[in-house]
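Have a look at the structure below, then the notes.
The values are calculated or read from the model by the stated rules, or taken from the named source; none is laboratory data. Only a predicted model underlies this, so the values are computations on that prediction, with no experimental measurement involved. Note: ideal-geometry Cβ built from the backbone for every residue, glycine included; neighbour counts use all protein chains shown. With ligands, DNA and RNA removed, areas are computed over all heavy atoms of the protein, side chains included. Shrake-Rupley method; radii C 1.70, N 1.55, O 1.52, S 1.80 Å.
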Amino acid sequence: MQALSAAEILGVWEHGADRRPAEQALALLAAACPERAYDSLLELTVGERDALLLAAREQTFGDDLAALARCPACGEMLEFATRTAELRAGPAVEDAGEPAPRSYRATLRPAGQPGPAAYVVYRLPTAGDLIDLQEVSDVAVARRALADRCVLEVTWGGGEALAHGLPDDLLAVLADEMSARDPQAETQLDLTCPACGGQWQALFDIAAFFWAELAAEAKRLLREVDALARAYGWREADILALSPQRRHAYLELIWTS
Ligand SMILES: [Zn+2]
C-alpha cells in the first residue's frame, strides 16, 4: 500500500473517468496496492475493498475528511468533518491478509410471518461481483443476481432450491446477514442538522468519496502543469515528478512576477 503520486493520480483519473464506480474503486486500489495482483483485488469482499480504500485515501490525502449532506427534514446543506478512524468498522488494515474462500451457513427466517425458513450456505459479495453487476440498474434484479452468485446451497420448502426463487423477505434477511458479516461494506454516519436539530443516518461511500477527491485533484494538477509548462516549457512528466512543495514554489514565482 502506498500513497498515490501526482503522476499516478492523473493516470488513475484518466483511466477511470469514463468507467462506473465499481471499476473506479478497483482502479484506485490497483494503483495504491501495486504489490497485489488485480485478480486478488477482485476477490476482496466489499468490506475488505472499502477498508483498503480507506487506508489508501489516508495515505494519499490524509485522515481528515470533509463532506456535504442535505438534511432530510429541512433541506439545509451541511458540511461535516470526520476522520478515517471514525469510518472504520474494525481495526485499521494497512494490508488485509490474502482473501481465502470463505463460506457461511445461515438460517433465514421471515420477519414477523410464519413462512418456512430457508437454510443457506453463502459467501460474501466481492469487488468483482459489483463490477460484474454494475450494468444492472434495477435494485431488486441486482439483489437476486447477487444472491444467485453468492448463495452456494439453499434448502427451502422441504427441498433444494435456487437463490433467486426465494421470496423477497428472505432475500432481505440474507442481505442483512451478509452486512453483519462484512460491516465495513456499509458505513452509516450519525448526522445532526445545525439548523433544525434533526438527526439522521447517512450512508458514506468511501469509493465514491475518494474518487471525487481524486478527480478534483487531477484537474488541479492539470492546471499546475499547464501554468508551469507555459512559463518554463517543461515536460508534463518532469513537472509531475517535482515535489508538491517545489511545484507550488515555482507557481508562486509565476503568479507574483
Ligand atoms: Zn435540518
Could you state how much accessible area Thr155 has, in square angstrom rounded to the nearest 10, with a 1.4 Å probe and all protein chains kept in place? 60
Ser179, Ser137, Ser103, ranked by accessible area, largest first (probe 1.4 Å): Ser137, Ser103, Ser179
Candidate residues Leu130, Leu152, Leu53: accessible-area rank, largest first, probe 1.4 Å: Leu152, Leu130, Leu53
DSSP loop GluC sites (Glu not before Pro) with at most 12 other Cβ within 10 Å excluded, longest remaining stretch of the chain: 136-257
3J(HN,Hα) from dihedral phi, the stretch 163-175, Karplus parametrisation 6.51/-1.76/1.60, rounded to Hz, x for glycine, proline: 4, 6, x, 6, x, 3, 5, 6, 5, 5, 5, 4, 4
Jot down the radius of gyration and Dmax of the chain, Cα atoms only, both in angstrom. 22.3, 82
FRET efficiency for Gln199 and Ala85 from the Cβ-Cβ distance with R0 = 22 Å, rounded to 0.05, comes out at 0.50
Inter-part distance where the stretch 180-196 and the stretch 51-94 are each reduced to a Cα centre, Å: 10
Express in nm, to one decimal, how much length is gained between Ala216 and Leu78 on full extension, taking 0.36 nm for each residue of separation and deducting their alpha carbon distance. 47.7 nm
Heavy-atom accessible area per residue - the stretch 136-257, 1.4 Å, Å²: 60
Calculate what fraction, in whole %, of the accessible area of the chain sits on carbon and sulfur atoms when a 1.4 Å probe is rolled over the protein chains. 51
